[in-house]
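Worksheet: one structure, shown below.
The values are calculated or read from the model by the stated rules, or taken from the named source; none is laboratory data. Just so it is clear, the model here is predicted, and its values are computed rather than measured. Positions of Cβ are generated from backbone atoms using ideal geometry, with glycine treated the same way; all protein chains shown enter the neighbour counts. Side chains are part of the model used for accessible areas, which takes the heavy atoms of the whole protein and leaves out ligands, DNA and RNA. Shrake-Rupley method; radii C 1.70, N 1.55, O 1.52, S 1.80 Å.
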Amino acid sequence: VEDFDVEFPEGDAARGEELFLTYGCTGCHGNLEDETSAIVGPFIGNIAERGGTIIEGYTASDYVYESILDSNAHIAEQCPNGPCIGPPSAMPDNFALRMSENPQDFQDLMTFILGE
């Protein structure tokens with residue numbers, strides 16, 4: 001994530017919010033302002049605070065970065081309807097490919113999710 005942040009240092013949270021819809025993140029994770037809106041996947045509206053406590057040695061940014069690019073890297077324990085399934089994760093595993101044409105999308109999305 002550090003190398004990525006050097007190459008793409010600025011993220012646009014407003015655009016990231018649009019991308020959160022475009023990439024279908026809301027379909028599982030819901031609205032980041034409403035914990036009850038997460039339908040399938042875990043609520044991630046508090047990931048900026050919680051993300052750095054899930055895996056020892058990871059920052060919230062590390063955790064989100066890796067979780068999006070490798071959906072099987074970290075499978076959350078709890079989803080809205082009980083334990084999250086996996087491996088493999090129910091989260092699509094093609095985000096790295098989908099965002100490879102425009103890596104700025106990824107930085108914008110991360111900026112929105114992490115509330116930066």
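Residues of the range 29-51 that are open to solvent by 90 Å² or more (accessible area, probe 1.4 Å) and more than 14 Å from G115 (Cα to Cα): E35, T36, I39.
Pairing residues of the range 65-76 that are surrounded by fewer than 16 Cβ atoms within 10 Å (Cβ to Cβ) with residues that are of a type in the set (G, A, S), at Cβ distances under 7 Å and at least 6 apart in sequence or on separate chains, gives E66/A73; N72/G86; N72/S89; A73/S67. Residues considered: P87, P42. Of these, the only one that is more than 15 Å from the chain's Cα centre (by Cα) and either of a type in the set (F, W, Y) or over 21 Å from D5 (Cα atoms) (or both) is P87. Any residue at all in the range 21-33 that's over 14 Å from the mean Cα position of the chain (by Cα) and within 18 Å of L109 (Cα to Cα)? For the range 21-33, residues over 14 Å from the mean Cα position of the chain (by Cα) and within 18 Å of L109 (Cα to Cα): present.
There is at least one residue in the range 70-80 that is more than 14 Å from I113 (Cβ to Cβ), charged (D, E, K, R) and out of contact with any Lys or Arg (no Cβ under 8 Å at 6 or more places or on another chain).
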